[in-house]
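Visitor: Handing you this structure, nothing more for now.
Every number in this text was worked out from the coordinates using simple rules, so none of it is lab data. Keep in mind the model is a prediction, meaning the values are calculated, not measured. Cβ placement follows ideal geometry from the backbone for every residue including glycine, while neighbour counts extend to all protein chains displayed.
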Amino acid sequence: MKPEPNQQITGETDQLPENEHHEEIVGEHDAEHREGEQAEAGEVTRVIRVIIHLCHGTAGNGYAFLKLYARFRDAVWLDRARAFAMTAIEQCRAARRKYRQGRYSLWTGDPGVAVYLHDCLRAEARFPTIDIF
């Protein structure tokens, strides 16, 4: 499924037609529906930019876009992941200016952002500890 850049998300679902091959249609519909849900989740993630880090910040949320890119191979998801990367860089810089130091934890610090930036450059979705190690 290719998302439109400014597509509105609705909660509507398609109705299945009644016919004798209902099970086959349901199976196909379920797969298409899951793909649609994945794309909609990506759209929701796009508006979440609160803090920086992997655990629950911009970099961690950006991995959703890398996963969607890996799944659909649609450049819009990679572009969004990289836009989040640019936001994470600026958030990191702002935090360093404000606190005069970095944070040194993988999950809530600069190393997690660095791993995310690396994956954005390589267009890979290898979330630490879940996809690697």
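Visitor: Counting pairs of alpha carbon atoms under 8 Å apart in space and at least six apart in sequence, what relative contact order in percent does the range 48-131 give?
Guide: On the way: 107 pairs, mean separation 28.9, N = 84.
Here the relative contact order equals 34 percent.
Visitor: A further question follows. On full extension of the chain, what length is gained from E35 through S105, given 0.36 nm per residue of separation minus the C-alpha to C-alpha distance?
Guide: 21.8 nm
Visitor: Which order do the peptides 117-130, 70-83, 89-102 come out in when sorted by mean C-beta neighbours inside 10 angstrom, highest first?
Guide: Ranking the peptides 117-130, 70-83, 89-102 by packing returns 70-83, 117-130, 89-102.
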